[in-house]
Amino acid sequence: MSQNFGYKKLLLHMCCGPCAMFPIRELLEGGGEVTLFFYNPNIHPLVEWERRFDNAKRVAEHYRVPLIVDDRSHSYEWRARENDGDDRCHFCYETRLARVVREAAANGFDAVSSTLLVSPYQKREIILEVGAKLSTEAGISFIPYDWRDGFREGQAMAREFGLYRQKYCGCVVSLESSSFFEKVTREHEQLVLSECLSFGVRFTD
Ligand code: SF4
C-alpha cells in the first residue's frame with residue numbers, strides 16, 4: 001500500500017528500470033500523478049547509459065507515465081572522485097537530485113522523490129539528507145518513501161517483464177570494483193560492436 005504524503009504532482013527521479021517497477025506501481029495504485037525523470041550522468045560507459053535508458057523508456061511506456069530525460073554520461077566527474085568513498089556517493093546523489101529539484105520547481109511540481117529509495121544497497125541516509133536540503137531550498141517537498149520491502153518484488157517484476165538488470169551501481173568506480181567487471185565489459189564491447197555493424201561500419205583485419 002502506497003504511503004500518502006499529500007502532494008499533487010510528483011517528479012520521480014528514475015535511476016533505472018528495475019528499481020522503478022515497484023515504486024511506480026505503488027504510486028499509481030495510490031492515485032498519484034507521476035512524471036519520471038531519467039537523469040543519471042554517473043552511469044559509465046555511454047553504452048551502459050543507453051542500455052539503462054532503453055529500460056527507462058520501456059517502463060514509462062508500460063505504466064503510461066510521462067518520461068523526461070536530460071544529459072548523458074559524465075564519467076570523468078566520478079573518476080576524479082574515485083578515492084572519495086561516501087563523499088563520491090554524496091556528490092552523485094546531490095548532482096542528480098539537484099537537477100530533478102530544479103526541473104520540478106520550474107514546472108509546477110510540488111514534490112520530488114527517487115527510485116533509489118527502493119534499493120537496500122543505496123545509502124538511504126545520504127539520499128534523504130540531500131533530498132530534503134535541496135527541496136527545502138527550492139520550496140517543494142522531498143518525499144522520503146521507503147520502498148525497500150518491495151525491492152525483491154520489483155526485481156521479480158523486472159525479470160518477468162524482460163528488463164535488463166544491471167550488475168553494478170553505475171559509476172566507473174562501481175564498475176571497476178564489481179566482481180562482474182569482466183563479464184560486463186565483454187557485454188559492452190559486444191553492444192558497441194553491434195551498434196557499429198548496424199551502421200554499416202567495416203573493420204579492417
Ligand atoms: S557507487 Fe553508486 S551512488 Fe556511489 S558514486 Fe557510484 S554510482 Fe553513485
key: helices (runs of 4 or more DSSP H) (entirely within region 149-205) containing at least 3 residues that are within 16 Å of the ligand (Cβ to nearest atom) and at pLDDT 95 or above   = 172-176
Residues of region 72-123 satisfying the condition of being more than 19 Å from H44 (Cα to Cα) and either without any contact (Cβ under 8 Å) to a residue 24 or more places away in the chain or not in a helix (DSSP H, G or I) (or both) = A106, N107, G108, F109, D110, A111, V112, S113, S114, S119, P120, K123
query = Going by the structure shown, is D70 of a type in the set (D, E), under 13 Å from the mean Cα position of the chain (by Cα) and surrounded by fewer than 16 Cβ atoms within 10 Å (Cβ to Cβ)?
reply = yes
task = Identify all residues within region 28-48 that are in a loop (DSSP other than H, G, I, E, B) and among the hydroxyl-bearing types (S, T, Y); write none if there are none.
result = Y39
note = If you go through E129, E125, the only one that is more than 16 Å from the chain's Cα centre (by Cα), modelled with pLDDT of 95 or more, within 16 Å of the ligand (Cβ to nearest atom) and surrounded by 15 or more Cβ atoms within 10 Å (Cβ to Cβ) is E129
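The values are calculated or read from the model by the stated rules, or taken from the named source; none is laboratory data. What you see is a predicted model; the values in this text were computed from it and never measured. Positions of Cβ are generated from backbone atoms using ideal geometry, with glycine treated the same way; all protein chains shown enter the neighbour counts.
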